[in-house]
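Data block below; observations after.
Please treat every number below as a calculation from the coordinates, not as lab data. Please read all numbers here as calculations on a predicted model, not as lab measurements. In this analysis, Cβ positions are derived from the backbone assuming ideal geometry, glycine residues included, and neighbour counts consider all displayed protein chains.
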Amino acid sequence: MAITKKTKVFKSGNSWAVRLPSGFSFTAETVYITRDDATGAVTITEQPHASAWDAFFKLRDETLVPADYMADRPLNQPTVPGGIFDDWKE
């Protein structure tokens, strides 16, 4: 579930800055900011989109899947021996 908190926006030199409430800190020195053209929503992330894939691949690598998982599925059965054109006649 997303957590929403109210915070302050202020000028810092020639740039705008956002004060992050406690619990919204980052470990990275650089963050990425994205604005959705349709909604105007602004998102700040440590690494755009790649972190989701990193988490997916980490979960995939750590998940133990039985060797016979989905073995009974038709598309997972061995194909009939021979080539697809073996019975071809001209």
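Packing here is the average count of other Cβ atoms within 10 Å per residue, and on that basis the peptides 13-26, 60-73, highest first, run 13-26, 60-73. Using only the alpha-carbon atoms, how far is helix 50-62 inclined from the longest principal axis of the chain? Give it as 0 to 90 degrees, nearest 10. Roughly 50 degrees, rounded to the nearest 10. Give the dimensionless ratio obtained when the Cα radius of gyration of the stretch 9-52 is divided by 2.2 N^0.38 Å. Here the Cα radius of gyration is 1.29 times the empirical estimate. The simple spin-label model puts a point 7 Å past each Cα toward its Cβ; for Val18 and Asp86 those points are separated by 6.2 nm. A dipole drawn for the chain from +1 and -1 charges on Cβ atoms has a positive end, and of Pro66, Thr34, Leu20 the residue lying farthest that way is Leu20.
Note on Trp53 and Val9: with the Förster distance fixed at 30 Å, the Cβ-Cβ geometry gives a FRET efficiency of about 0.45. Listed values (i) 30, 18, 13; (ii) 24, 19, 11; (iii) 52, 19, 12 include one computed from this model; for semi-axes √(5λ) of the Cα gyration tensor in Å that value carries the label (iii). Going by neighbour counts of Cβ atoms within 10 Å, the residues Glu29, Glu46 line up, fewest first, as Glu29, Glu46. Karplus-based coupling profile of the stretch 23-40, in residue order and whole Hz: x, 10, 6, 10, 8, 7, 7, 10, 10, 10, 10, 10, 10, 7, 4, 6, 9, x, with θ = phi - 60° in 6.51 cos²θ - 1.76 cosθ + 1.60 and x standing for Gly or Pro.
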